[in-house]
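The values are calculated or read from the model by the stated rules, or taken from the named source; none is laboratory data. Keep in mind it's a predicted model, so treat the numbers as computed, not measured. FYI the Cβ positions are ideal-geometry reconstructions off the backbone, even for glycines, and counts take in every protein chain you see.
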């Protein structure tokens, strides 16, 4: 996708007070300060601010979460959970950074046992699945 304004980053913003129902797919960075009632698929970085809420799965390359996630969190590279983050659901990520005060209600799998997300909507696969029985 070509950027219409050279030198300016591409970022999609769901502002505080906004509510989106359905699946959101983004090839560029995404900042969520409102509420999304559905799945989020981002090829780049996803930031969920303190006022942001995602009621569904979040699949992205990198994530910085200060808000609330009710669903699975699948991050192919680095996940940062800020002190105000509230996660209700399982987490899969390569690298995890957690600030004191963050809340996780679910399991967490991290490291190289997961493959990178190669595109929006792709699911993680375990290395053991690739090797066969």
Review point. Taking into account only those residues within region 89-114 that are within 17 Å of residue 61 (Cβ to Cβ) and part of a loop (DSSP other than H, G, I, E, B), which is modelled with the lowest pLDDT?
Key: 112
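Per-residue answers, yes or no, for (1) crowded, with 17+ Cβ neighbours inside 10 Å; (2) within 21 Å of residue 85 (Cα to Cα); (3) at pLDDT below 95:
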site: 5; (1), (2), (3): no, no, yes
site: 13; (1), (2), (3): no, yes, yes
site: 27; (1), (2), (3): no, no, yes
site: 40; (1), (2), (3): yes, yes, no
site: 46; (1), (2), (3): yes, yes, no
Study note, to complete from the structure: In region 67-80, residues that are part of a strand (DSSP E or B) and buried (at least 18 other Cβ atoms within 10 Å of the Cβ) total 8
Review point. Within the bounds of region 81-88, is there any residue that is crowded, with 19+ Cβ neighbours inside 10 Å, at pLDDT below 95 and touching a strand residue (DSSP E or B) at 6+ places or on another chain (Cβ under 7 Å)?
Key: no
